[in-house]
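What follows is a single structure, written as structure tokens, with notes after it.
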Amino acid sequence: MAAELSDDVLDRFLRYVQVDTQSDDDSETYPSTAKQLDLGKMLADELREIGHWGPRPAVLQSWVMANRLTTPKSELYPQVRKWYARDHGETTIREVLETAGFPVARVA
């Protein structure tokens, strides 16, 4: 899996550096060229895709589904971020390992 991610990162980087982003010193706009704007759009599209990579951990998703209609987004999502901060990614890693068929010890 790490090798696949590494290949993906390299492929993305090589795609990005192939875009001519030479600036136009006489331009009064930012980005100063259409090609720079093309790169920005490419990055935005890919980051949007990466940002929506998959479902939440099951326990968090259950909580969100139970509270999403009664809790304003301005309160809900800070609580979701706090959950992730407290969890330190442990639940996600545990779920990935379990899905891949690895035995995972339960921590009390």
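The values are calculated or read from the model by the stated rules, or taken from the named source; none is laboratory data. The structure presented is a predicted model; accordingly, all values stated were derived computationally and were not measured. Glycine also receives a Cβ, built like all others from the backbone with ideal geometry; neighbour counts cover every protein chain displayed.
The condition of being in contact with an Asp or Glu (Cβ under 9 Å, 6 or more places away or on another chain) and either of a type in the set (A, V, I, L, M) or closer than 30 Å to Q18 by Cβ (or both) holds for only one of A58, A100, A44, that being A58. Can you find a residue that is modelled with pLDDT of 90 or more, outside any helix (DSSP H, G or I) and of a type outside the set (D, E) anywhere in region 71-85? Yes - at least one qualifying residue is present in region 71-85. Regarding region 34-44, can at least one residue be identified that is in contact with a helix residue (DSSP H, G or I) (Cβ under 7 Å, 6 or more places away or on another chain), modelled with pLDDT under 85 and assigned by TED's automatic domain parsing to the domain that holds D8? No: region 34-44 contains no residue that is in contact with a helix residue (DSSP H, G or I) (Cβ under 7 Å, 6 or more places away or on another chain), modelled with pLDDT under 85 and assigned by TED's automatic domain parsing to the domain that holds D8. Criterion applied to D45, D24, D38 was being in a loop (DSSP other than H, G, I, E, B), out of contact with any Cys (no Cβ under 9 Å at 6 or more places or on another chain) and free of Cβ contacts under 8 Å to residues at least 60 places away in the same chain, and the one residue passing it is D24.
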